[in-house]
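Everything below concerns the one structure shown next.
Rule-based calculations on the coordinates, nothing more; no lab input. Note that the coordinates shown come from a computational prediction; the quantities given were computed from them, not determined experimentally. Neighbour counts run over all protein chains shown; Cβ positions are idealised from the backbone, glycine included.
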Amino acid sequence: MKPTVHTAATKVWRNGRMQDGARAIPEEVPVAISYNGSTQAVMMATPADLEDFAIGFSLSEGVVTAASQIDSFEIVPHDDGVELRMWLDGAVAERLQQRRRHIAGPTGCGLCGVDSIAEAVRPVAIVGKGRTFTPQQIIAAIDAMPPLQKLNVETRAVHAAAYSTPTRGVVALREDVGRHNALDKLAGALARQQIDTTDGLVLLTSRVSVEMVQKTAAIGATVLVAVSAPTALAVRMAEAAGITLAAIARSDGFEIFTHPHRIDTHSKGAADVA
């Protein structure tokens, strides 16, 4: 497995003088995702949690509808990168062949090389009713993330995506140089652990673009919370998907952009939506 962190020698100018220094920085490598011998996508990513990444990407891109449709998986190191090699069952492989599209782009770019504008703004899955959350539960979930972001604590240069429930706290968190990759890794982790995705919150340390909403809808989560603002298209997509989108989340509050009925401001605890 390739290292996730590199220590770079630096020259540090501080307090009016130059001195030698060192800085931990995250690794970034090309990660090729292939199905049945053909490359589907090449993403720049952090070489960690790669099985989660492969499964999560496959689910969020609609290549498979369940992790069980991946018959085999192999991580193949190369000199300059990593290949995530998967073999799909017959019916899924045939469907993929009919809709093949290639993606090759910069860090975590989820829209590079799409065949059409329609594909970029494809309709999202409609999420279920879910449950309600108090503002205190949302703030507590966001506040719990920073100490768990081990790679970011070391490098201060990566994004994180997490899933949290009121009863269990943060049950899964994944990091990557690309925000899309971090969310795909989270999706894969949730699928592999068979975690109920209707009972909690998806948390992001990044802004909310339309792809992040599409991936959250594919996960099946009903509430998405981010520390940065959403784009206008992301808001429209969250509205259409039935997702409660809260953003600009801080320790003192947040802003709700869509479906505010899941934020219970009238009681101390969260309750199931009737």
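Taking the DSSP bridge list for the chain and keeping only pairs wholly inside it, about 70 percent are antiparallel.
Which of SER58, SER38 has the fewest other C-beta atoms within 10 Å, and how do the rest follow up to the most? Provide the component values of the computation, followed by the final result.
Working: SER58 29, SER38 11.
Fewest to most other Cβ atoms nearby, the residues stand as SER38, SER58.
Once the chain from ASP89 to ARG236 is taken as fully extended at 0.36 nm per residue, the excess over their C-alpha distance is 49.4 nm.
In this structure, the amide hydrogen of ASP71, modeled 1.01 Å from its nitrogen in the peptide plane, lies closer than 5 angstrom to those of TRP87, LEU88, ASP89, counting only residues at least 5 positions away or on a different chain. The aspartates and glutamates within cross-link reach of LYS215, meaning a Cα-to-Cα straight distance under 18 Å and a gap of 8 or more places when in the same chain, are ASP49, GLU51, ASP52, GLU61, GLU119, GLU175, ASP176, ASP184, ASP196, ASP199, GLU239.
Just from its helices, what would the mean residue ellipticity at 222 nm be for the chain, if runs of 4 or more DSSP H residues each count -39500 (n - 2.57) and the sum is divided by every residue, rounded to the nearest 500 deg cm²/dmol?
Dividing the helical sum by the residues of the chain leaves -8500 deg cm²/dmol.
Scalar couplings 3J(HN,Hα) for region 156-171, obtained by applying the Karplus form with A = 6.51, B = -1.76, C = 1.60 to θ = phi - 60°, are 6, 9, 10, 8, 9, 10, 9, 10, 9, 10, x, 8, 10, x, 6, 9 Hz; x denotes Gly and Pro. Along region 147-154 the Karplus relation, 6.51 cos²θ - 1.76 cosθ + 1.60 evaluated at θ = phi - 60°, assigns HN-Hα couplings of x, 8, 8, 4, 5, 6, 4, 7 Hz to successive residues, with x for each Gly and Pro. Note: region 135-262, Cα convex hull, 92 Å³ per residue. Backbone geometry of region 89-96 corresponds, through the Karplus equation with coefficients 6.51, -1.76 and 1.60 at θ = phi - 60°, to 3J(HN,Hα) couplings of 5, x, 5, 5, 4, 5, 5, 5 Hz, x marking Gly and Pro.
Multiply the residue gap between SER228 and GLN136 by 0.36 nm, knock off their C-alpha separation, and tell me the result in nm, one decimal place. Can you show the working numbers first?
Details: separation 92, 0.36 × 92 = 33.12 nm, distance 1.85 nm.
Net length gain for the segment: 31.3 nm.
Using 22 Å as the Cα-Cα cut-off, could you pick out the over-long pairs in LYS11/LYS150; LYS129/LYS185; LYS129/LYS150; LYS2/LYS185? The answer is LYS11/LYS150; LYS129/LYS185; LYS129/LYS150.
If the segment from ASN15 to SER68 were pulled out straight at 0.36 nm per residue, it would be longer than the present Cα-Cα gap by 13.4 nm. Taking amide H atoms as placed 1.01 Å from N in the peptide plane, the amide H of THR258 lies under 5 Å from those of LEU245, each 5 or more residues away in sequence or on another chain. Fewest-first ordering of HIS159, HIS6, HIS266 by other beta carbons within 10 Å of each residue's beta carbon gives HIS266, HIS6, HIS159.
Take ARG131, ARG23, ARG174 and order them by how many other Cβ atoms sit within 10 Å, fewest up front. Walk me through the intermediate numbers first.
Working: ARG131 18, ARG23 13, ARG174 27.
By the 10 Å Cβ count, ascending, the order reads ARG23, ARG131, ARG174.
Rounded to the nearest 0.05, what FRET efficiency is calculated for ARG23 and THR167 with R0 set to 25 Å and r the Cβ-Cβ distance?
Values: r = 39 Å, r/R0 = 1.57.
Efficiency computed from Cβ-Cβ geometry: 0.05.
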